[in-house]
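The values are calculated or read from the model by the stated rules, or taken from the named source; none is laboratory data. Keep in mind that what you see is a predicted model, and the values were worked out from it rather than measured. Cβ sites come from the backbone with ideal geometry, for glycine too, and all protein chains shown count toward neighbours.
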Amino acid sequence: MHNRKAVRLNHEKLKFMKRKCKFIKSAWAPNEYPATILPEVVMTGRSNAGKSSLINAWTSSQLAKVSSTPGKTRLINFFECGPYNLVDLPGYGFAARSGAEIKDFQKIIESYFSLRTQICCLILVMDIRRDWSDDEELLRRFAHSIQKPLVVVASKIDKLNQKDFKMRQKILIEQSRAEHIYFISSTQKKGLDDLEDSVYRQFVHPKINN
Ligand SMILES: Nc1nc2c(ncn2[C@@H]2O[C@H](COP(=O)(O)OP(=O)(O)OP(=O)(O)O)[C@@H](O)[C@H]2O)c(=O)[nH]1
Ligand SMILES: [Mg+2]
């Protein structure tokens, strides 16, 4: 059992340490992964969903490359964020990629998930305006099969007015059946503190203390 005060103090310390977030490296093959055993919080989701933007908002930096053209992130990018790493993956569902390229991406992502034992949770980023699709369902089942918690993050809430936001929020909660779901805007830095706080307390901290 964790002492609540200790967790809180630890998290205050984390917030301080977060200022020192840094890019570690990009990797493709497993032998290129950084040699660290820090717990890893992994961003997954469709291309253009806002994974890299979330990393930038999370780390208050411009460390991750962002683009309005889908398919910007092409390697596995590792960022050190105090006592844990944030990992940015290439997105799926990007139609302009060739069949061979899609297979290559699947292979590197599968290798990462099967070899990286310190993964503490998967964050599934999706645009709040999109419906839960077969791809998201596959990812949900996959996370379950490798026994990793899945946190759904609906991004770009700044694109909706209050009425549409409420409607989409309700729909996504129903469609995803997610135990953990957050609604954020990376550009307006909304909902981030709550997300980081929960991910840290529920998934990172227990792993550090194991
Ligand atoms: N308005 C708004 N735009 C956002 C937000 N998050 C991301 N975007 C925009 O969405 C586009 C895609 O963002 P990225 O962060 O590059 O998306 P990604 O999921 O990393 O995409 P890939 O690297 O292709 O997998 C960019 O034009 C971002 O500026 C947000 O919260 N609000
Ligand atoms: Mg990206």
Does THR73 fit the bill of being within 8 Å of ligand 2 (Cβ to nearest atom) and of a type in the set (Val, Ile, Thr)?
-> yes
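What number of residues within segment 133-150 are in contact with a Ser or Thr (Cβ under 8 Å, 6 or more places away or on another chain) and under 17 Å from LYS51 (Cβ atoms)? Write out each step before concluding.
We begin by selecting, within segment 133-150, every residue in contact with a Ser or Thr (Cβ under 8 Å, 6 or more places away or on another chain); these are 136, 139-140, 146.
Filter again for under 17 Å from LYS51 (Cβ atoms), leaving 136, 139-140.
Number satisfying all stated conditions: 3.
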Out of (1) crowded, with 18+ Cβ neighbours inside 10 Å; (2) within 16 Å of ligand 1 (Cβ to nearest atom); (3) under 25 Å from ILE171 (Cα atoms), what's the single condition that is false for ARG129?
-> (1)
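Scan segment 194-203 and give yes if some residue there is within 16 Å of ligand 2 (Cβ to nearest atom), at pLDDT 95 or above and under 25 Å from SER111 (Cα atoms), otherwise no.
First, the residues of segment 194-203 that are within 16 Å of ligand 2 (Cβ to nearest atom): none.
No - not one qualifying residue is present in segment 194-203.
Residue-wise test of (1) within 11 Å of ligand 2 (Cβ to nearest atom); (2) more than 21 Å from SER155 (Cβ to Cβ).
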position	(1), (2)
GLY50	yes, no
SER60	no, no
CYS81	no, no
SER111	no, yes
ASP135	no, no
If we ask which residues in segment 28-52 are near ligand 1 (Cβ under 9 Å from one of its atoms) and of a type in the set (D, E, K, R), their number turns out to be 2
Report, by residue number, each residue of segment 87-118 that is touching a helix residue (DSSP H, G or I) at 6+ places or on another chain (Cβ under 7 Å), crowded, with 19+ Cβ neighbours inside 10 Å and modelled with pLDDT of 80 or more.
-> ASP88, LEU89, PRO90, GLY91
Selected residue (criterion: nearest to SER133 (Cα to Cα)) from residues of segment 144-192 that are more than 10 Å from ligand 1 (Cβ to nearest atom) and among the hydroxyl-bearing types (Ser, Thr, Tyr) = SER176
Condition check for LYS72: within 12 Å of ligand 1 (Cβ to nearest atom), under 22 Å from GLN106 (Cβ atoms) and touching a helix residue (DSSP H, G or I) at 6+ places or on another chain (Cβ under 7 Å) | yes
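Would you pick out the residues in segment 144-160 that are of a type in the set (Gly, Ala, Ser) and at pLDDT below 95?
Across segment 144-160, the qualifying residue is only SER145.
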